[in-house]
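As structure tokens, the structure follows; a few thoughts come after it.
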Ligand SMILES: NC(=O)c1ccc[n+]([C@@H]2O[C@H](COP(=O)([O-])OP(=O)(O)OC[C@H]3O[C@@H](n4cnc5c(N)ncnc54)[C@H](OP(=O)(O)O)[C@@H]3O)[C@@H](O)[C@H]2O)c1
């Protein structure tokens with residue numbers, strides 16, 4: 001029977017999510033990969049326990065995480081039921097809907113019909129009465145924004161989510177969404193976007209600046225660029241790496257020799273700072289007071305332990321930042 005470590009709150013840093021009352025751990029765990037039908041359940045359990053034992057209270061899911069779609073929620077639900085349910089009130093569990101989930105016109109994008117049905121399914125898969133954060137997963141160019149936001153309002157009013165967030169939105173759409181949700185007193189507190197040393201999209205599309213201005217949190221996904229910003233690919237492609245074991249979202253073709261050279265150069269800066277490249281990459285995100293948390297993925301518990309060390313040193317000199325930018329610009 002799992003019993004959480006007594007020292008679980010000793011090291012983790014908790015950051016306030018924008019201007020809300022909710023604090024999130026600086027490092028959160030995402031279940032996009034390695035929690036599907038093809039994963040090892042014992043390893044999934046160990047990763048959740050390692051995370052929670054070290055202050056990672058936040059577990060991020062989505063309806064479609066697998067493979068197959070829904071499998072990550074089913075496996076996480078099993079872990080909760082069998083081992084972690086007594087810690088439910090110490091946990092922040094999020095899920096999302098917005099990408100393809102089931103056939104036909106009601107299992108994708110941002111209609112009220114899809115979001116409400118999808119969250120009901122997610123709750124059932126995880127065996128929960130409510131999630132802490134429910135996200136709309138991506139902008140929908142066809143559904144009126146009011147309808148999607150009204151669905152988020154309905155979800156909160158029905159008690160199935162405590163807070164709501166939006167993911168993969170840009171600055172102007174975030175502003176419009178905020179106006180609708182605040183008018184209706186919906187607890188919209190967080191943006192979830194990709195942000196890392198190599199991907200600066202949110203600096204360019206206004207999301208980062210607008211979040212700050214509107215008092216919303218930012219939680220960054222793929223902060224390690226799916227493993228590129230680690231020591232994984234410094235000397236070839238390991239057989240147990242994401243490129244080899246999955247290959248759907250991170251492909252060998254994304255690893256040019258120019259990119260490997262740049263990653264080696266970043267690794268050298270990390271070494272000088274006394275960090276692993278993964279630690280430095282996460283620290284780079286967390287240096288910014290407007291970043292609430294980074295959602296890491298992991299294939300083994302040891303990676304989680306390494307990544308948590310990032311919080312020990314999140315300050316960078318101006319020279320280090322410039323050196324990192326100069327390298328990143330070449331391979332963006
Ligand atoms: N909202 C959205 O649209 C969206 C999109 C994508 C992701 N997300 C969320 O963000 C989470 C994280 O995304 P991600 O998995 O791409 O994150 P990531 O942290 O950038 O990449 C995780 C991968 O990097 C490798 N890794 C992690 N720590 C390492 C270490 N210390 N040393 C060496 N390698 C290490 C592992 O790959 P190996 O398998 O090679 O070991 C791991 O699976 C997801 O689970 C999900 O919750 C959200």
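Quick look at the values:
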read-out	value
Filter result for residue 19 (farther than 20 Å from residue 224 by Cα and assigned to a helix (DSSP H, G or I))	no
Count of residues meeting criterion [in a helix (DSSP H, G or I), out of contact with any helix residue (DSSP H, G or I) (no Cβ under 8 Å at 6 or more places or on another chain) and within 15 Å of the ligand (Cβ to nearest atom)] in the stretch 272-311	3
Residue check, residue 330 touching a helix residue (DSSP H, G or I) at 6+ places or on another chain (Cβ under 7 Å) and more than 15 Å from the ligand (Cβ to nearest atom)	yes
Residue, surrounded by the most Cβ atoms within 10 Å (Cβ to Cβ), within the stretch 171-198, restricted to residues that are more than 13 Å from residue 214 (Cβ to Cβ) and touching a strand residue (DSSP E or B) at 6+ places or on another chain (Cβ under 9 Å)	192
Filtered residue count, the stretch 138-162, keeping only those that are surrounded by fewer than 20 Cβ atoms within 10 Å (Cβ to Cβ) and within 22 Å of the chain's Cα centre (by Cα)	5
Considering residues of the stretch 31-46 that are buried (at least 19 other Cβ atoms within 10 Å of the Cβ), at pLDDT 95 or above and part of a loop (DSSP other than H, G, I, E, B) only, the residue farthest from the ligand (Cβ to nearest atom)	36
Failed item, numbered, when residue 51 is tested on (1) farther than 30 Å from residue 182 by Cα; (2) in a loop (DSSP other than H, G, I, E, B); (3) under 15 Å from the mean Cα position of the chain (by Cα)	(2)
Within the stretch 179-258, helices (runs of 4 or more DSSP H) holding 2 or more residues that are under 25 Å from residue 94 (Cα atoms)	201-204, 207-214
Residue match in the stretch 241-254 (condition: under 21 Å from the mean Cα position of the chain (by Cα), surrounded by 13 or more Cβ atoms within 10 Å (Cβ to Cβ), more than 9 Å from the ligand (Cβ to nearest atom) and in contact (Cβ under 8 Å) with a residue 40 or more places away in the chain)	no
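One line per residue, one yes/no per condition, for (1) touching a helix residue (DSSP H, G or I) at 6+ places or on another chain (Cβ under 7 Å); (2) within 16 Å of the ligand (Cβ to nearest atom):
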residue: 91; (1), (2): no, yes
residue: 113; (1), (2): no, no
residue: 127; (1), (2): yes, no
residue: 133; (1), (2): no, yes
residue: 139; (1), (2): yes, yes
residue: 143; (1), (2): no, no
residue: 159; (1), (2): no, no
residue: 166; (1), (2): yes, yes
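Matching residues to (1) over 20 Å from the mean Cα position of the chain (by Cα); (2) within 7 Å of the ligand (Cβ to nearest atom); (3) within 21 Å of residue 265 (Cα to Cα):
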| position | (1), (2), (3) |
| --- | --- |
| 187 | no, no, no |
| 195 | no, no, yes |
| 200 | no, no, yes |
| 203 | no, no, no |
| 214 | yes, no, no |
| 221 | no, yes, no |
| 224 | no, yes, yes |
| 231 | yes, yes, yes |
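The values are calculated or read from the model by the stated rules, or taken from the named source; none is laboratory data. Since the model is a prediction, treat every value here as computed from it, not as a measurement. Cβ: placed from backbone, ideal geometry, glycine included. Neighbour counts: every protein chain shown.
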